[in-house]
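The values are calculated or read from the model by the stated rules, or taken from the named source; none is laboratory data. Given the structure is predicted, the values throughout are model-derived calculations rather than measurements. A quick note on method: Cβ atoms are made from the backbone with ideal geometry, for glycine too, and the neighbour counts reach across all protein chains shown.
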Amino acid sequence: MKKLAVLMILLSMSIVACGQGAERIKLPQPRYKGEASFEEALYARHSVRSYGCKGLILDEISQLLWAAQGKSQSGKRTAPSAHASYPIDVYLVVGKAEGLAGGLYKYDQPGHQLIKVKDGDLRHEFLVACRGQGQVLTAPVSIVLVCPERKDEMKFVYMEAGHIAENVYLQSTALNLGTVVIAGFDETKLNEFLGLTEGSQPLYVMPVGSESGGCKKCQGDECPK
Ligand SMILES: Cc1cc2nc3c(=O)[nH]c(=O)nc-3n(C[C@H](O)[C@H](O)[C@H](O)COP(=O)(O)O)c2cc1C
């Protein structure tokens with residue numbers, strides 16, 4: 001009986017630690033009409049590795065996450081998924097954003113909101129996990145796609161990461177922002193950074209920022225706010 005009581009207490013503590021008490025940031029409603037046509041975005045899409053000093057605003061973050069995994073007209077999601085199983089989680093590393101403190105966040109798709117995982121500007125730590133690819137240090141935010149557990153059909157998961165990434169590329173372009181897919185990261189270190197176990201499979205890192213000739217005079221957290 002005593003053992004059961006201890007178990008119950010531990011269980012309730014772990015529920016709090018797993019996010020019940022975590023800070024939640026409701027994102028603005030995404031727009032379904034933009035200034036650039038689909039064809040213009042497709043034609044202009046290219047990889048961007050050098051970003052301006054400006055932080056992202058919450059509207060832009062909302063739009064990017066919606067493009068990645070938000071709700072579509074059918075009630076499903078903006079990217080297709082085998083058996084509509086949606087095995088991929090979306091994280092956001094924030095260095096500089098208006099209305100959003102630096103930290104690591106998880107995108108909560110049903111609530112179109114962010115759940116804070118870790119506090120602070122973590123971009124230097126993130127840079128190490130990304131094998132020194134400097135784009136993640138100068139970008140104000142980075143999106144991370146990860147499958148938290150091994151699946152029997154991992155090939156479907158890889159395909160789905162491609163769909164999501166292309167949505168993010170096109171949405172970034174339509175917002176006059178730039179991004180690049182990064183797959184050359186250290187899997188173990190990235191899992192540690194995200195607070196995930198070895199069984200989890202990071203898929204893509206996508207730094208996003210304004211494309212304005214780069215933030216040449218300042219680097220990462222030395223940039224003006
Ligand atoms: C699977 C995959 C992995 C990639 N990994 C990286 C990477 O680790 N770092 C990087 O800077 N670019 C990476 N890229 C981006 C490619 O270098 C880029 O798409 C390619 O040069 C074509 O340029 P474009 O995207 O401007 O058309 C990757 C692209 C793909 C499809």
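Quick rundown of the values:
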{"read-out": "Scope the stretch 160-181; condition within 12 Å of the ligand (Cβ to nearest atom) and in a strand (DSSP E or B); matching residues", "value": "Gly178, Thr179"}
{"read-out": "Subset of the stretch 199-218 (residues that are loosely packed, with under 13 Cβ neighbours inside 10 Å and either modelled with pLDDT under 90 or over 19 Å from Cys130 (Cα atoms) (or both))", "value": "Gly213, Lys216, Lys217, Cys218"}
{"read-out": "Selection from the stretch 132-159 of residues that are more than 15 Å from the chain's Cα centre (by Cα), within 15 Å of the ligand (Cβ to nearest atom) and either in a helix (DSSP H, G or I) or aromatic (Phe, Trp, Tyr) (or both)", "value": "Thr138, Met154, Lys155, Val157, Tyr158, Met159"}
{"read-out": "Residue ID - surrounded by the most Cβ atoms within 10 Å (Cβ to Cβ), chosen from residues in the stretch 78-108 that are in a strand (DSSP E or B), touching a residue at least 60 places away in the same chain (Cβ under 8 Å) and not charged (D, E, K, R)", "value": "Tyr105"}
{"read-out": "Members of the stretch 26-51 found to be surrounded by 17 or more Cβ atoms within 10 Å (Cβ to Cβ) and closer than 18 Å to Leu100 by Cβ, listed by number", "value": "Leu27, Pro30, Tyr51"}
{"read-out": "Residue satisfying all of: in the stretch 119-131; assigned to a helix (DSSP H, G or I) and of a type in the set (D, E, K, R); farthest from the ligand (Cβ to nearest atom) among these", "value": "Glu125"}
{"read-out": "Which listed residue is within 23 Å of Asn176 (Cα to Cα), of a type in the set (S, T, N, Q) and in a helix (DSSP H, G or I), from Ser62, Ser50", "value": "Ser62"}
{"read-out": "Test: residue in the stretch 37-47 that is at pLDDT 95 or above, farther than 24 Å from Val136 by Cα and assigned to a loop (DSSP other than H, G, I, E, B)", "value": "yes"}
{"read-out": "Any hit, the stretch 186-195, residues being part of a loop (DSSP other than H, G, I, E, B), over 30 Å from Tyr43 (Cβ atoms) and touching a residue at least 12 places away in the same chain (Cβ under 8 Å)", "value": "yes"}
